[in-house]
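All remarks here apply to the structure that follows.
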Amino acid sequence: GAGVSQSPRYKVAKRGQDVALRCDPISGHVSLFWYQQALGQGPEFLTYFQNEAQLDKSGLPSDRFFAERPEGSVSTLKIQRTQQEDSAVYLCASSSAGLDFGPGTRLLVL
Amino acid sequence: QKEVEQDPGPLSVPEGAIVSLNCTYSNSAFQYFMWYRQYSRKGPELLMYTYSSGNKEDGRFTAQVDKSSKYISLFIRDSQPSDSATYLCAMSSTYNNNDMRFGAGTRLTVKP
């Protein structure tokens, strides 16, 4: 079956621009996670949803980061006023045993 | 100190070698232990999933967990060039993975 998909796969943004990253989880998966992966590092937790409820957003680095999952399926991670330090790969995962990851969105902020 | 420590390598071995990858952790509440493989420009894919201490074997891969030492390992037998990737350990205290933490990843190259 279809795995987790993410779009866009690549995004170049100018500093100060707002971006929106989309995640389509595996159908029927209740739990959805967002991670940030810097170059040469492991994924770092950002936020977690169970259905439409955002149960943990302790990993969001600042109030410029916002995530939503209004209908309990597709999720969007929004970054406002992007900064250079936001450049990373943003991974979405939905949960069965372990996490099923999407391919990630590679964000470059110039 | 990070919750999960993993030597980033890089690690280079000849084809057919046995590879040993390791992680240590500090949170004794972790009970679920995973190894992910990540190819360049791809998302991590789950390789091994184990609960609590013990060994688990799947083909050429063996995962070991020693909770008393807070130490986990992944062994790859008869390594192949296609095994060249970054290997990430991960662990969680809950079945729903909402506190999963990752190591930094070890970059492995298997040379033909």
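The values are calculated or read from the model by the stated rules, or taken from the named source; none is laboratory data. Remember, it's a predicted structure, so these values are computed and weren't measured experimentally. We place every Cβ from the backbone using ideal geometry, glycine too, and count neighbours over all the protein chains shown. Keep in mind that these areas ignore ligands, DNA and RNA; they rest on the heavy atoms of the full protein, side chains included. Shrake-Rupley method; radii C 1.70, N 1.55, O 1.52, S 1.80 Å.
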Check cross-link reach from residue B:111 to the aspartates and glutamates: straight Cα distance under 19 Å, and skip same-chain residues fewer than eight apart.
B:15, B:78, B:83
In what order, largest first, do B:107, A:69, A:22 sit by accessible area if the probe radius is 1.4 Å?
B:107, A:22, A:69
Can you give the relative contact order of chain B as a percent, counting alpha carbon pairs under 8 Å and 6+ residues apart?
37
Picking from A:86, A:63, A:100, which is most flexible by a Gaussian network model of chain A using Cα springs under 10 Å?
A:63
How far apart, in nm, are the 7 Å Cα→Cβ label points at residue B:40 and residue B:69?
3.4
Classified through the alpha carbon gyration tensor (a ≥ b ≥ c as square roots of its eigenvalues; rounded if a/c is under 1.5, else prolate when a/b is larger than b/c, else oblate), segment A:28-91 comes out prolate
For the protein assembly as shown, go through all pairs of different Cα atoms, get the mean of 1/r, take its inverse, and jot down that Kirkwood value in Å.
17.9
Taking chain A, the whole-percent share of alpha-carbon pairs separated by over 21 angstrom is 28
Dimensions (Å) - segment B:4-111, Cα atoms, principal axes, largest first
38, 28, 21
Treating only the Cβ of Lys, Arg, Asp and Glu as charged (+1, +1, -1, -1), what charge dipole size does chain B show about its Cα centre? Round to the nearest 20 debye.
180
